[in-house]
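Visitor: This structure is in structure tokens; I'll ask about it shortly.
The values are calculated or read from the model by the stated rules, or taken from the named source; none is laboratory data. Here the structure is a predicted model, which means the values were calculated and not measured. Neighbour counts run over all protein chains shown; Cβ positions are idealised from the backbone, glycine included. For the accessible areas, the whole protein counts, side chains as well, though only heavy atoms, and no ligand, DNA or RNA atoms are used. Shrake-Rupley method; radii C 1.70, N 1.55, O 1.52, S 1.80 Å.
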Amino acid sequence: MKKVIRLVNVQIWAMLANMLSVGDLKKKKVNVIYAGIVLFTVVLGGTLCYYAYFVGSILKAYNSIEVLPSLFMAFACIMVLFTTLYKVKGTLFGFKDFDLLMSMPVSNSKIVASRIMLLYVLNFVFVFITMGAVTVVYGILARPGLIFYLFNFLAVFLLPLIPIIIASVLGTILSFISIRLKYSNIIYIVLVFLLVLVWMFLPFSIDTNEALAEASKAMADRINTIYPLAGLYSKAVTQGNIMSMIIFAAVSILAFMLFTWGIGKIFVKLNTEVMTGSYKAAYKLGELNISSPLMALYKKEFKRYFASPVYVLNTGFGMALLLILTVCLPFIDMRDLMGDVQLAVSLKEFVPLIILFCMATTCTTMASVSMEGKNLWILKSIPVSAKTIFASKILVNLTLLSPSVLASVIIGIILKFSFIDELLVLLLVVSFALFVPAFGLVINLSFPNLTWTNETVVVKQSTASVISIFSCIGLVAVFYGLIKFTDNFYTGALLFICLIWILNIIIYKVLTEKGVNKFIKL
Amino acid sequence: MLQIVNFSKTYKGGKRAVDGLSLEVNSGDIFGFIGHNGAGKTTTIRAIAGVLNFEEGDILIDGVSIKRDPVYCKKVTAYIPDNPDLYEHLSGIAYLNFIGDIYEVEKSDRRHLIEKYADAFELTSNLGDSISSYSHGMKQKLAIISALIHSPKLLVLDEPFVGLDPKAAHTLKGIMAQMCKNGSAIFFSTHVLEVAEKLCNRIGIIKNGKLVAYGPTQEVTGDSSLEDVFMELVETKQP
């Protein structure tokens, strides 16, 4: 156990150093970033408290307040499952310091335990905030005894274990399936996409017309049936049932031990297969395709993108969802999909909001410089200007954003938008499409991380990715705010287009001047 | 072909890695750059290759300052670092073709040159495999082939013989000699003094960022071996 803790300790510090990599920024700027992280945590906690109080008040009115902790527990578990599924390849398998770790005199199961604990730590912060919020709200609304706080405190530490194990098992199976096939990474990405989509559309089968309290109770019952540990947890914390708490703890810990032991047995075999790939029989030189330097860089960048499942899954999901929505649109009623949202926005406002949101999550350039890592010397030594390199990275992002233009046209036709509405949506999409890649690149050049050992850290947890994604989503919120503020879709949309074009001019100027200097100094 | 004029590099924190270095490498020269660990060899080589930014002094390749026209300088130069980290998601042939595209190597020449150098380094049969499956030596060979296929005027290598098997090392030496006969210049760092002594017509010895010996190999070594000269220079305390 001592060795596991020591390994986890070293890996967490390495990960934190990577995550909080702020380059050579001045202390004042670094403090601003740390303050931003604290602010983000407070906002997330506050939002969760608000929702917990909103749902809890209704549940209390219907004498069903005991459902609240298990609802939030299920929410935390699903989030852990989702995010871990993305991280299995890169954290448990195919991670860069594999050779170093395996050369140490530590058993495989202990190394597996340390890697899973790393996933645990990554998830724990979110679980802690979520369960902290529900504990506070439930404490106010239900006034439970001391045992609730005690059991809930213990449960918070145990709660991420089973979802992490389930995600790891699924991730391991997907890795096993994909490595035997030619385009293993693409197949792995598609499989994870499909799994996440199944998870996402499962709740739609629940009847949304029921009252919230009834729906919540029904959902809690369903969760308890699908995931019995939720029932045990609920009984333990809301009824103070010691036996349920003991079983909940025992199952979580035993499953963890069993999983680390089991994976320990195939750890080396699986990692060897994941990392070495396949050897082709004696290669014979064939026809070579010639491209221009920009096209060569573009192709290289595209291949790099699809070689990283975590990169694709985190930056391609929005566009995949948009495409699915576009294809399914003739067969679904948009007003059903909007649900209660239609009270706040019209269809013509909802469509660009959804498209812009999907685009905001499709920012590949936020990590494209960092992803070069130790390969950066190649880009820096080839006879190509920094601007051409930037262009290749932006072009890849634009290619991935291009379905949004197609989607906006098709959705407009299906929903019978007027010519002016269609034109406005297209203008919004094109303007935002030019903004997202350039902005991501400027941010990545300002907060590069070239010393990473795990792609997940660069794609999901780096300063550049957090700033880029939240800023782009923030701009979508600004679009919504402008429509509401002006009380007119057309005025709001035109103001937003003007704002984006001003930002585009500034960003492209910064990129071609300061950005080039930053790249040279990397 | 290569002129280094009063080049200095100070890293953040104040460490002066290279201090006022000036030297010249002409067409046809094989220049050996020798020094102990941390002497400033890699810093100098990275600056020549355009990988490292610097403020003090200048580096001219084919008469052009790398600060003024880095793209031209890089076009006529090939650089191989001491530990070549290549694009592991590409196959060997995809990487070579990528380099061919970047340096705009003609289609007819490209195929011929890849075949010639891949055969010479016995890597042809592995070119279809992913670089991630390559050993250190195979990556080193691939990096060397990628440097040679665009026929550079200046070849800059950092410890090129580390990781190569004896046959590949012998092949590389032969290619280096042939390139110099054809008018290219080679600048490389090494710790293997015997290789430097036999292969280089000119050498430079760097100590704590300063050039302490420089000139034709015969003149620098005199009647002693390069190893004796190097040890004497390295062990002498600087004023």
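Visitor: Give me the one-decimal nm value for the distance between modelled label points at A:F176 and B:Q218, 7 Å along each residue's Cα-to-Cβ direction.
Guide: Calculated label separation equals 7.0 nm.
Visitor: Using just the Cα positions, wrap the range A:366-408 in a convex hull and report its mean projected area in square nanometres, one decimal place.
Guide: Computed as one quarter of the Cα hull surface, the answer is 3.5 nm².
Visitor: Further, regarding this structure: Quick one: which residues, 5+ away or cross-chain, put their amide H under 5 Å from the amide H of B:G57? H built at 1.01 Å from N.
Guide: B:S8
Visitor: Okay, moving on. Restricting to DSSP loop positions (anything but H, G, I, E, B) with no more than 14 other Cβ atoms inside 10 Å of their own Cβ, which GluC sites (Glu not before Pro) remain in the range B:1-91? Numbers along the way, then the final one.
Guide: Numbers: sites: B:E24, B:E55, B:E56, B:E88; in loops: B:E55, B:E88.
Those satisfying the criteria are B:E55.
Visitor: For B:N201, list long-range residues whose amide hydrogen, built 1.01 Å from N in the peptide plane, is under 5 Å from its own amide hydrogen.
Guide: B:I30
Visitor: Quick check: convex hull over the Cα atoms of the range B:30-154, volume per residue in Å³, rounded to an integer?
Guide: Residue-normalised Cα hull volume stands at 129 Å³.
Visitor: Still on this structure, please answer the following. Sort out for me the Cα centre separation of the range A:135-164 from the range A:361-429, rounded to whole Å.
Guide: 44 Å
Visitor: A further question on this structure: Take the cross-link list A:K521/B:K74; A:K110/A:K303; A:K300/B:K107; A:K303/B:K107; B:K107/B:K153; B:K139/B:K173 and give me the ones stretching past 27 Å between alpha-carbons.
Guide: Checking Cα-Cα distances, A:K110/A:K303 exceed 27 Å.
Visitor: So if we plug the beta-carbon distance of B:D165 and A:N504 into 1/(1 + (r/R0)^6) with R0 = 56 Å, what FRET efficiency do we get, rounded to 0.05?
Guide: After rounding, the FRET efficiency stands at 0.55.
Visitor: Consider just the alpha-carbon atoms of chain B and return their Rg together with their Dmax, both in angstrom.
Guide: Every Cα atom of chain B included, Rg and Dmax give 17.8, 57 Å.
Visitor: While we're on this one: Note down the magnitude of the dipole of the range B:85-151 about its Cα centre, charges +1 on Lys and Arg C-beta and -1 on Asp and Glu C-beta and zero elsewhere, to the nearest 20 debye.
Guide: 80 debye
Visitor: Treating only the Cβ atoms of Lys and Arg (+1) and Asp and Glu (-1) as charged, compute the dipole magnitude of chain B about its Cα centre; round to the nearest 20 debye.
Guide: In total the dipole reaches around 460 debye.
Visitor: Follow-up question, since we're still on this one. With +1 assigned to the C-beta of every Lys and Arg and -1 to the C-beta of every Asp and Glu, and no other charges, what is the dipole magnitude of the protein assembly as shown about the Cα centre in debye, to the nearest 20? If you can, show how the numbers build up before the last one.
Guide: Working: 65 positive and 51 negative charges, 178 e Å.
The calculated dipole for the protein assembly as shown is roughly 860 debye.
Visitor: Just the Cα atoms of the range A:119-167: what Rg and Dmax do they give in Å?
Guide: Cα-based Rg and Dmax for the range A:119-167 come out at 11.9, 35 Å.
Visitor: Would you work out which of B:V220, B:A94, B:N37 lies farthest towards the positive end of the dipole of chain B, given +1 charges on the beta-carbon of Lys and Arg and -1 on that of Asp and Glu, about the Cα centre?
Guide: The Cα lying farthest towards the positive end belongs to B:A94.
Visitor: For a quick check, take a GNM of chain B with Cα springs below 10 Å and name the residue from B:V156, B:V195, B:V18 with the largest mean-square fluctuation.
Guide: With Cα springs under 10 Å in chain B, the top fluctuation among B:V156, B:V195, B:V18 is at B:V195.
Visitor: Net charge around B:F31, counting only other residues with Cβ within less than 11 Å of its Cβ (Lys, Arg = +1; Asp, Glu = -1)?
Guide: So the surrounding residues net to -1.
Visitor: What is the pair-distance distribution P(r) of the range B:85-151, computed from all Cα-Cα distances in 5 Å bins starting at 0, with each bin given as a whole percent?
Guide: 4, 20, 35, 25, 13, 3
Visitor: Mind checking the range A:351-436 for trypsin sites (Lys or Arg not before Pro) that DSSP puts in a loop (not H, G, I, E or B) and that have at most 16 other Cβ atoms within 10 Å? Could you put the intermediate results ahead of the total?
Guide: Details: sites: A:K374, A:K380, A:K387, A:K393, A:K416; in loops: A:K416.
Counting only loop positions with at most 16 other Cβ atoms within 10 Å, the trypsin sites (Lys or Arg not before Pro) in the range A:351-436 are A:K416.
Visitor: In the range B:1-54, which trypsin sites (Lys or Arg not before Pro) fall in coil by DSSP and have 14 or fewer other Cβ atoms within 10 Å?
Guide: Hits after loop and neighbour filter: B:K12, B:K15.
Visitor: Let me confirm one metric for peptide B:94-107, namely the mean number of other chain beta-carbon atoms within 10 Å of its residues' beta-carbons.
Guide: Average neighbour count from other chains, rounded to a whole number: 5.
Visitor: What is the mean number of Cβ atoms from other protein chains located within 10 Å of the Cβ atom of each residue in peptide A:283-292, rounded to a whole number?
Guide: Taking all residues of A:283-292 together, the mean is 6.
Visitor: So, one more: With r as the distance between the Cβ atoms of A:I226 and A:V10 and R0 = 45 Å, compute the FRET efficiency 1/(1 + (r/R0)^6) and round to 0.05.
Guide: Between A:V10 and A:I226 the formula returns 0.75.
Visitor: Obtain the radius of gyration and the Kirkwood radius of the range B:123-239 from its C-alpha atoms and give Rg over Rh.
Guide: Expressed as Rg/Rh, it is 1.03.
Visitor: To two decimal places, what compactness ratio does the range A:386-425 give when its Cα radius of gyration is scaled by 2.2 N^0.38 Å?
Guide: Compared with the compact-globule rule of thumb, the range A:386-425 sits at 1.61.
Visitor: Could you pull the Cα extents of the protein assembly as shown along its three principal axes, largest to smallest, in whole Å?
Guide: 100, 65, 55
Visitor: Here is a further query. Per residue of B:109-116, what is the mean number of Cβ atoms on other protein chains within 10 angstrom of that residue's Cβ?
Guide: 1
Visitor: So, one more: I'd like to check one number: the per residue accessible area of chain B, probe 1.4 Å, reported in Å² as a whole number.
Guide: Value returned for chain B: 41 Å² of accessible area per residue.
Visitor: By the scheme Lys and Arg +1, Asp and Glu -1, what is the net charge of all other residues having a beta-carbon under 11 Å from that of B:I175?
Guide: Once all neighbours under 11 Å are counted, the net charge is +3.
Visitor: Hey, if we sort B:R110, A:R222 by accessible area with the 1.4 Å probe, largest down, what's the order?
Guide: Correct descending sequence by accessible area is A:R222, B:R110.
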